[in-house]
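The values are calculated or read from the model by the stated rules, or taken from the named source; none is laboratory data. These numbers were taken from a predicted model, which means no experiment stands behind them. Neighbour counts run over all protein chains shown; Cβ positions are idealised from the backbone, glycine included.
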Amino acid sequence: MSRENIHQSIEVFYEKVDECPLRDRKFNFFEFVYVISGTGYHVDNGNRFAYHKGDMFLITPNDCHEFDLETTSEFMVMRFGENYINEYQWKSIDHIECILYYASHLSGSVLINKEDAQMVDLLIQNLQQAIKHQSIYNEDLIRHLVNAIIVITGRNIAMVKPNGVSSNSDGRILQILDYIQENIRRPDLLKISVIADQFGISPTYLGSYFRKQCNESIQQYISSYRIRLIEHRLKFSDKRIHEIADEFGFADESHINKFFKRHKGMSLRNFRLNAQ
């Protein structure tokens, strides 16, 4: 698998293609891909989602993605590294990189709110004009437009975080959520004692702190988060049950089926059949 690098703090470009120029690539940066026109499928970390005009996908560092085009498609691509978003002085958003990383586990387009989708559409049109007609202060203009898109995306992603958690929440809870999301496939790193040690707090305090911030226990959050990812695999990938079990650290098919049935009331196989 090839790895793509970024050579500037931010890169923005338009492309019209009949087939995906890059396949099976891992990036070391964030990438927005906005669909201006066309239809097809976006494949992200083995999950496959249909795309249409107005969709926008966020690919996070170390994600593997590609597009399967059904028709000629136009995209606006915006790339930037972690340093770019960490160095910018966001007025009211702390730890925005944690919010953006959460997008790697969402289904499809990151634009959830209809009004926000309309705003992004206008911003993309302005970006196209800025790229097409180079003029004085063009680089600053492009950065401001991309920053606006980052903010809109951040608040759309924040809408699907646990209840009570927003972009203005305590920075530590965002770091804990980021840690859980990053290690969701490694049960050994998600033990309460291990997480507490990672953040230099006691297991008892971690439990009460997490419940206060998220309105649910940390065990409930980890289980529901893992369930949602397993559901994604069943719906949007062709991975076999034993492969999914291995991916999420279960001993075998029986183990993952017991876990899944306890939460969903059916086996993985039946869930996949119903989804299809």
Only one of E70, E82, E87, E31 that is modelled with pLDDT of 85 or more and surrounded by fewer than 18 Cβ atoms within 10 Å (Cβ to Cβ): E70
Test: residue in segment 224-238 that is at pLDDT below 95, surrounded by fewer than 15 Cβ atoms within 10 Å (Cβ to Cβ) and over 14 Å from I180 (Cβ atoms): yes
Any hit, segment 124-140, residues being modelled with pLDDT under 85 and buried (at least 20 other Cβ atoms within 10 Å of the Cβ): no
Total residues in segment 249-276, condition among the small types (G, A, S), loosely packed, with under 11 Cβ neighbours inside 10 Å and closer than 20 Å to F236 by Cβ: 1
